[in-house]
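In what follows, a structure is listed as structure tokens, so that the remarks can point back to it.
The values are calculated or read from the model by the stated rules, or taken from the named source; none is laboratory data. In this text, all values refer to a predicted model and were calculated from it rather than measured experimentally. Note that each Cβ is placed from the backbone with ideal geometry, even for glycine, and that neighbours are counted across all protein chains shown. Side chains are part of the model used for accessible areas, which takes the heavy atoms of the whole protein and leaves out ligands, DNA and RNA. Shrake-Rupley method; radii C 1.70, N 1.55, O 1.52, S 1.80 Å.
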Amino acid sequence: MTVQLTHLLGMDGVDRETITAILDLADHFKRVNQRKVKKVPALRGVMVLNFFVEASTRTRTSFEIAEKRLSADTLNFSASTSSLSKGETLVDTARTLQAMAPDIVVVRHQGAGVPLLLTRSIDAAIVNAGDGWHEHPTQALLDMLTMREHKGRLAGLRVAIVGDITHSRVARSNIYALVTMGAEVSVAGPRTMVPPALEELGVRVHHRIEPAIEGADVVMMLRIQKERMAGGLYPDDREYFRYFGLTRERLRLAASDAIVMHPGPMNRGVEIAPEVADGEHAVILEQVANGVAVRMAVLYLVAGGGREAVEA
Amino acid sequence: MSAGRTWLVGGHLVDFERGIDGAGAVAVEGGRIVEVVLGPATPGPDDAVEELDGAWLVAGMTDLRCALREPGYEEKETVSSGLRAAAAGGFTQVCATPDTQPVVDRAAVVAEVLALAKDARAARLLPVGAATLGLRHETLAPVGELHASGCVALSTGEHPVGSAGFMRRLLEYADGFGLTVLTAPAEPTMTGICDEGTWSTRLGLPETPAAAEAIAVSRDLLLAELTGARLHLQRLSTAAAVELVRQAKARGVPVTCDVTPHHLHLGASALATYDPNLKVRPPLRSEADRRALREALADGTVDAVASDHQPQHLEDKSQEFERAATGMSSVETALSLVLALVAEGELTRARAMALLSTGPRRVLGLGGGGLTVGEAADLTAIDPGHTWIPSAGTLLSRGHNTPWLGQALRGRAILTMVGGDVVWRASGEEQAE
């Protein structure tokens, strides 16, 4: 099978074949990552520019490791060191990035749609590392890689996504991709944090956690941000935990071999009980490890290496 | 100014109010209309003649909402560039919004703006005063002073008045001076930049529901009913809002309203491109809303189409959608977009022309106008088949922030006359293809 990936802007519109190819390739890189020497020369001479305008430690680190293992030349262009804080326009910044002639730009930005806008002024492959509330495609891919490893499939898998959906790019990307792969997705969150047209995306919507996680093979908890309290979206952490927190008791509603996921960073005792976060169902650290493999696969594909690797 | 008569011949005269819709000619002298002929005309040997080749001739096209940006934001637009752009768009007069720097909240600023307009040799400028000092909506502007200095209406600017009690007093006080209050309704605690629904869900953009507009419209309609004061609601974007206006008009509330060309042509689905030129206030709405606006245009609920021209500097739009400036440069494309509705069979020619001429003049309570002897020779000749492409080369506005940039539009003003002077003439070469 051959796949072509020009950019990775989101999971919306990415077909089943492409997702499968990325995950298969990630499996391959995961095996590489278990070797003593983890570095491969696949992206030697390829320049990857990490353009991170919004603060991010884990995603940026994960991309950097992926780039280094592929032997790419990497360069970091972050908000604190750039002139963005001085009011430069996005278009000017894009031109500056273009002048550095990168082959791949990995972008994290607080503005939804920025990766798409960058494709118009930068002649490089754009990889979205999170744009506002919109999408975070590599997170969805690493989540699916983790699910597939544990469950052996994605089609027909029962996945519950719980928390603040409205403001979650992780939720959007997972919903698009999981629905494409034929998973049955249930979503639960306070009505104030579930967007009105969510069912149009092919998911079941609940406003209590219990029906969403009942019989679930995967329970994905989202981070709740305290500033949502000020907007009147939920009363306080205590009530949130009481009605939407994942406790040991609630987890019994899910399948007996259910896995528990969280994109991090976690608020222990708010969306997830500490004993669940550290319990035998949790695969949260595996998600982190899979992040590197998935990002290697995506970088490899957008660099144009699709054919041989997937056939290998 | 020409010495003798000028005849505009071979046109198709349209005046909705007078029931004129047929071939004819108009003679102009001394800045006024001196003869209106239905059927063939016979100009005298010394008269100048403009052959209209079947173009429609309409009197007094008026834009109810046009930001000229001067004083204060000359990098976006000047009074001169804005009025020339308006003339190219076919408008013979525009209501200049008061959200300049300084705000048009005293006679001195009105005088400055009128002086700038005097030299423009383009569309006329109708000053609109700020309803409140600095548009801060804390204290009333000197409404009497603004009226005396030439303001034709008052406006609440980009953001409506939040307090119902204060809005009530504003309506009453303005009505005492015979001035209509223009307001663009939106509940200030429910703001967002994308219509709440499918597209805010998909695109992850901050949302505002259609109800945020309907809530504000309801309040303002009740206040208009309470006070009996004249109220004009601007750039309505939702089915709920026009339905509320329809009901209010039926029970005799003194209210009028307008919509923009872009809300008639574009829906929220267009935002999938995240094009900052599509960021407008209120946001582009659903297909159902768009259909309802078109129906309300045809059935008379909507009184006018106003361009809501908001030229922005390239830099203000060179940002991601969420940080980009709001508004569209639209005074030059408005006529083409209304003509597109005629071509699509959604509006009759007469109704379309009324929405751009007699409709807005009635909103302002301006007497006169129309294709009548003795009226000012403010005339627009429109060729519905003239195709043109908005571009940096063809637009006269300093703001090129339009999603129609580079796209062929059909129908344009080929000649605009203000006070008997030709202030715009479309050249044959610029016609596309």
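What aspartates and glutamates sit close enough to A:K30 to cross-link, taking a C-alpha to C-alpha distance under 19 Å and skipping anything fewer than 8 places away on the same chain?
Straight-distance partners of A:K30: A:E64, A:E67, A:D143, A:E149, A:E286, A:E308, A:E311.
State in Å² the accessible area per residue of the range A:1-139; use a 1.4 Å probe, count heavy atoms of protein chains only, and round to the nearest integer. Provide the component values of the computation, followed by the final result.
Values: 5970 Å² over 139 residues.
Solvent-accessible surface per residue comes out at 43 Å².
Using alpha-carbon positions, what is the distance between the centroids of the range B:192-218 and the range B:357-418, in Å?
Using only Cα atoms, the two centres lie 31 Å from each other.
Roll a 1.4 Å probe over the protein chains and send me the accessible area per residue for the range A:154-312 in Å². Walk me through the numbers on the way to the answer.
Numbers: 6260 Å² over 159 residues.
So the range A:154-312 comes to 39 Å² accessible per residue, rounded to a whole number.
With a 1.4 Å probe and all protein chains in place, put A:F77, B:F16 in order of accessible area, largest first.
Details: A:F77 35, B:F16 105 Å².
Ranked from most to least accessible, the order is B:F16, A:F77.
State log₁₀ I(q)/I(0) for the range B:347-433 at q = 0.15 Å⁻¹ as given by the Debye formula over alpha-carbon point scatterers of equal weight, solvent excluded.
Normalising to I(0) and taking log10 leaves -0.73.
Quote the accessible area belonging to B:W56 in square angstrom, nearest 10, computed with a 1.4 Å probe and with ligands, DNA and RNA left uncounted.
Accessible surface of B:W56 is approximately 20 Å².
Averaging the inverse of every distinct alpha carbon separation and then flipping it gives the Kirkwood radius. What is it for the protein assembly as shown, in angstrom units? Can you show the working numbers first?
Details: mean 1/r = 0.0351 Å⁻¹.
Every distinct Cα pair counted, the radius reaches 28.5 Å.
Just subtract the alpha-carbon distance of B:M190 and B:R251 from 0.36 nm times their residue separation and send over the number in nm, one decimal. Kindly include the intermediate steps, with their values, before the conclusion.
Working: separation 61, 0.36 × 61 = 21.96 nm, distance 2.86 nm.
Roughly 19.1 nm would be gained on extension.
Starting from the Cα of B:R18, step 7 Å along the direction of its Cβ; do the same at A:A197; then give the gap between the two resulting points in nm.
Going from the B:R18 label point to the A:A197 one covers 4.7 nm.
Taking every pair of Cα atoms in the range B:276-433, average 1/r, invert it to obtain the Kirkwood radius, and report Rg/Rh to two decimals. List each step's numbers first, then the result.
Working: Rg = 16.7 Å, Rh = 17.2 Å.
We get a ratio of 0.97 for the range B:276-433.
For peptide A:184-197, how many partner chain Cβ atoms fall within 10 Å of a residue's Cβ, on average?
Values: counts 0, 0, 0, 0, 0, 0, 0, 0, 0, 0, 1, 8, 7, 8.
Other-chain Cβ atoms within 10 Å of each residue's Cβ, averaged: 2.
Over 10 Å intervals from 0, what percent of Cα-Cα pairs in the range A:13-69 sits in each interval?
Binned Cα distances yield the sequence 19, 39, 39, 4.
Roughly how much of B:H400 is accessible, in Å² to the nearest 10, using a 1.4 Å probe?
60 Å²
With no solvent and one point on each alpha carbon, what is the Debye value of log10 I(q)/I(0) for the range B:93-247 at q = 0.18, 0.20 Å⁻¹?
With one equal scatterer per Cα and no solvent, log10 I(q)/I(0) is -1.04, -1.17.
Can you list residues from other chains, or at least 5 along the same chain, whose modelled amide H is less than 5 Å from the amide H of A:N76?
A:N50
Need one word for the range B:255-317: rounded, prolate or oblate. Basis is the Cα gyration tensor (sqrt eigenvalues a ≥ b ≥ c); a/c below 1.5 gives rounded, then a/b vs b/c decides.
oblate
Could you calculate the FRET efficiency of A:N76 with B:S163 from 1/(1 + (r/R0)^6), where r is the beta carbon distance between them and R0 is 56 Å, rounded to 0.05?
0.70
Which trypsin sites (Lys or Arg not before Pro) in the range B:245-297 pass both tests, a DSSP loop state and at most 10 other beta-carbon atoms within 10 Å?
Numbers: sites: B:R246, B:K249, B:R251, B:K279, B:R285, B:R290, B:R291, B:R294; in loops: B:R251, B:K279, B:R285.
Passing sites in the range B:245-297 are B:R251.
Tell me, in nm to one decimal, what length is gained between A:M100 and A:A55 on full extension, where the rule is 0.36 nm per residue of separation less the Cα-Cα distance?
On the way: separation 45, 0.36 × 45 = 16.20 nm, distance 2.23 nm.
Once the chain is fully extended between A:M100 and A:A55, it gains 14.0 nm.
With θ taken as phi - 60° and the coefficients 6.51, -1.76 and 1.60, list the Karplus ³J(HN,Hα) couplings across the range B:89-96 in order, rounded to whole Hz; mark glycine and proline as x.
Rounded to whole hertz, the list is x, x, 7, 8, 8, 9, 7, 7.
Please report, to one decimal in angstroms, the Kirkwood hydrodynamic radius of chain A built from all distinct Cα-Cα pairs. Spell out each step's value before the answer.
Details: mean 1/r = 0.0504 Å⁻¹.
Hydrodynamic radius (Kirkwood, Cα pairs) of chain A is 19.8 Å.
In whole angstrom, note down how far apart the Cα centers of the range B:292-307 and the range A:224-299 are.
50 Å
Compare B:G411, B:G19, B:G150 in a GNM of chain B, Cα atoms joined below 10 Å, and give the one with the largest fluctuation.
B:G19
When only DSSP loop residues count, what GluC sites (Glu not before Pro) in the range A:198-291 have their Cβ near at most 13 other Cβ atoms within 10 Å?
Details: sites: A:E199, A:E200, A:E214, A:E227, A:E239, A:E249, A:E271, A:E275, A:E280, A:E286; in loops: A:E214, A:E271, A:E280.
Listed in order of number, the matching sites are A:E280.
Please list, short to long, the whole-number percent of alpha-carbon pairs of the range A:73-175 in consecutive 5 angstrom bins beginning at zero.
Spelled out per bin, shortest first, that is 2, 11, 19, 20, 15, 13, 9, 6, 4, 1.
Summing both sides, how much accessible area is buried between A and B? Use a 1.4 Å probe and give Å² to the nearest 100.
Working: alone 13550 and 15930 Å², together 27660 Å².
That pair hides around 1800 Å² of surface in total.
Among B:R323, B:R230, B:R106, whose mean-square fluctuation peaks in a Gaussian network model of chain B (Cα, cutoff 10 Å)?
For chain B, modelled as a Gaussian network with Cα springs under 10 Å, the answer is B:R323.
Given H placed 1.01 Å from N in the peptide plane, which residues other than close sequence neighbours of A:R108 have an amide H under 5 Å from its amide H?
Here A:F51, A:F52, A:V53, A:E54, A:A129 satisfy the definition.
How big is the range B:70-148 along each principal axis, measuring the range of its Cα positions in Å and listing the largest first?
That works out to 38, 26, 18 Å along the principal axes.
Pull up all non-local amide H partners of B:A141: gap of 5 or more, or a different chain, and H-to-H distance under 5 Å with H placed in the peptide plane.
B:T132, B:L133
Helix-only mean residue ellipticity at 222 nm, chain B, DSSP H runs n ≥ 4 weighted -39,500 (n - 2.57), per residue, nearest 500. What is it? Display every interim value, and only then the final one.
Numbers: 13 runs with 123 residues, N = 433.
That comes out to -8000 deg cm²/dmol.
Quick one: of the DSSP bridges fully inside the protein assembly as shown, what percent are antiparallel, nearest 5?
Details: 32 of 98 bridges.
In the protein assembly as shown, DSSP labels about 35 percent of beta bridges as antiparallel.
Whole Å is fine, so just give me how far the alpha carbon centre of the range A:21-54 lies from that of the range B:34-88.
One Cα centre to the other: 64 Å.
Over the range A:30-115, with every protein chain in place, what whole percent of the accessible area is carbon and sulfur at 1.4 Å, could you tell me?
On the way: 2130 of 4120 Å².
Its accessible area is 52 percent carbon and sulfur atoms.
Keeping every protein chain present and rolling a 1.4 Å probe, give me the accessible area per residue for chain B in Å². Intermediate values should be presented prior to the final figure.
Details: 15010 Å² over 433 residues.
About 35 Å² of surface per residue is accessible.
Can you work out the Karplus-derived ³J(HN,Hα) for every residue in the range A:214-220? Use 6.51 cos²θ - 1.76 cosθ + 1.60 with θ = phi - 60°, whole Hz, and x for glycine or proline.
Whole-Hz 3J(HN,Hα) from phi for the range A:214-220: 4, x, 6, 7, 9, 10, 10.
Run through the range B:322-411 and list the GluC sites (Glu not before Pro) located in a DSSP loop whose Cβ has at most 11 other Cβ atoms within 10 Å.
In loop regions of the range B:322-411 (DSSP not H, G, I, E or B), the sparsely surrounded GluC sites (Glu not before Pro) are B:E344.
Would you calculate the convex hull of the Cα atoms in the range A:1-103 and tell me its volume per residue in Å³? Before the final figure, lay out each step's value.
Numbers: hull volume 14.0 nm³, N = 103.
Output value, Cα hull per residue: 136 Å³.
Which of A:R158, A:R248, A:R172 moves the most in a Gaussian network model of chain A with Cα springs under 10 Å?
Per the Cα network of chain A with a 10 Å cutoff, A:R248 tops the list.
In whole percent, what relative contact order does the range A:165-222 give with Cα contacts below 8 Å and a gap of six or more residues?
Values: 57 pairs, mean separation 20.2, N = 58.
Computed value for the range A:165-222: 35 percent relative contact order.
Please report, to one decimal in angstroms, the Kirkwood hydrodynamic radius of chain B built from all distinct Cα-Cα pairs. Please list the in-between numbers first.
Details: mean 1/r = 0.0462 Å⁻¹.
In chain B this quantity evaluates to 21.6 Å.
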